[in-house]
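Here's the structure, in structure tokens; my notes come after.
The values are calculated or read from the model by the stated rules, or taken from the named source; none is laboratory data. Treat the numbers as computed from the prediction; the structure is a model and nothing was measured. In case anyone asks, the SASA skips ligands and DNA or RNA and just uses the protein heavy atoms, side chains included. Shrake-Rupley method; radii C 1.70, N 1.55, O 1.52, S 1.80 Å.
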Amino acid sequence: SNFKIEGLQNVEVKPRSASSQDSNPNSANALSGSSPMASPPPIARQGNSIKVASFTIEAFSETKASQGHVMQVLANIFRGFDILAVQGIRSEKGEYLLRDFLRQINDRYQRHYRYVIGPPLGERHQEQYAFVYDAASVEADLAGSYTISDPFDVLLREPLVVPFRVRGPPSDQAFTFILVNVHLDPYAVAKEVDILADVYHAVRQASRSEDDIMILGNLNTDDRHLGRLGKISGIQPLIQHLATNTVQTHGYDNLILHMPSTAEFTGHAGVFDVMRQFNLTTQQVLAVSDHLPIWAEFRLHESMGAGNHIATQPGNRSGW
């Protein structure tokens, strides 16, 4: 999936271009990831845990990318997390914008951010999901990544699923987990949040040995209105009774996990206060997004608590 073969007598293997990643760029399986063959950088992180975040960047496009002050705030936000689930990429050149942005962060701050990006989704205003991750701290299983199949078109934007593993601990002890990136239709929240219960069960079943499944993103509803998803035994939203939009009126964003399974959660989670952290006005933050990032912290080692086991491989498509 990452190479094309050219020539008859002198066969050459060359990286595919983004446009040739899939014959149909709107296919649910049209995924791209940065530097899948690159050697991993030296392990580096702050502290003995990782921070996983989610951020809806309102209409991330060429217009936003051309505003230097906005992109600097985004760069400062990205650098605070090991993994960032991104929603709201709205551009025909979405992957190129993200790739060039991360290259600038890496070059300027000597970081090692990579990405996995899904296909354009939706109807009138198509958007892409992405995961941005620090390769010096975690690794993504590109072979095991996929967009949820939705043959009956019950979701406006099918979730993007990517397995991750913490770098550092021995492979049989490192915390492994699957992240499910979502952005629900604000006009069909009640229906779609119910369907997320089916998404959770489907991902867990498909993952076989992996029980740490986390749904994160823009649910367009708060922690008290999670429908069938919220009724699954053990399921818990980590962002509770907190506003996640910039003007501090609604709690739209969340990270949801099965608490008995994911004992690696440290108990620390919250909303990243961009205004206070970077000394900005509300209007300055609104130029970046009408949402604030949410985050949660996890231990590096796989826990062996109730409902847990050491996951050796997150599914039969795993590339670990």
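Any idea what log10 I(q)/I(0) is at q = 0.21 Å⁻¹ for the stretch 150-309, Debye with uniform C-alpha scatterers and no solvent?
The Cα Debye sum returns log10 ratios of -1.37.
Can you compute the radius of gyration and Dmax for the stretch 84-149, using only the Cα atoms, both in Å?
12.7, 38
As an exercise, find the ratio Rg/Rh for the stretch 63-116 from alpha-carbon atoms, using the Kirkwood inverse-distance average for Rh.
Ratio of gyration radius to Kirkwood radius for the stretch 63-116: 0.92.
Using a probe radius of 1.4 Å on heavy atoms only, what accessible surface per residue do you get for the stretch 89-147? Whole Å² is fine.
Dividing the accessible area of the stretch 89-147 by its residue count gives 45 Å².
Taking the Cα centre of each part, how many Å lie between the stretch 196-252 and the stretch 65-106?
24 Å
Could you work out the equivalent-ellipsoid semi-axes for the stretch 49-172, taking the square root of 5 times each eigenvalue of the Cα gyration tensor, largest first, in whole Å?
23, 21, 10
Classify the stretch 220-278: rounded, prolate or oblate, from the alpha-carbon gyration tensor (a ≥ b ≥ c, eigenvalue square roots; a/c under 1.5 rounded; otherwise prolate if a/b is larger than b/c)?
Oblate, because a/c is 1.5 or more while a/b does not exceed b/c.
Per the Debye formula with a single identical scatterer at each Cα and no solvent contribution, what log10 I(q)/I(0) holds for the stretch 118-158 at q = 0.20, 0.27 Å⁻¹?
-0.74, -1.00
On each of the three principal axes of the Cα atoms of the stretch 149-204, give max minus min coordinate, whole Å, ordered largest first.
Ordered largest first, the stretch 149-204 gives principal extents of 45, 19, 15 Å.
Which whole-Hz ³J(HN,Hα) couplings does the stretch 282-297 yield from phi under the Karplus relation 6.51 cos²θ - 1.76 cosθ + 1.60, θ = phi - 60°, glycine and proline marked x?
Whole-Hz 3J(HN,Hα) from phi for the stretch 282-297: 4, 5, 5, 6, 4, 5, 8, 6, 8, 10, 10, x, 10, 8, 8, 10.
Taking Cα pairs under 8 Å and at least six residues apart, what relative contact order does the stretch 84-230 come out at, in percent?
Contact order relative to length: 20 percent.
Give the dimensionless ratio obtained when the Cα radius of gyration of the stretch 261-307 is divided by 2.2 N^0.38 Å.
Rounded to two decimals, the normalised Rg is 1.66.
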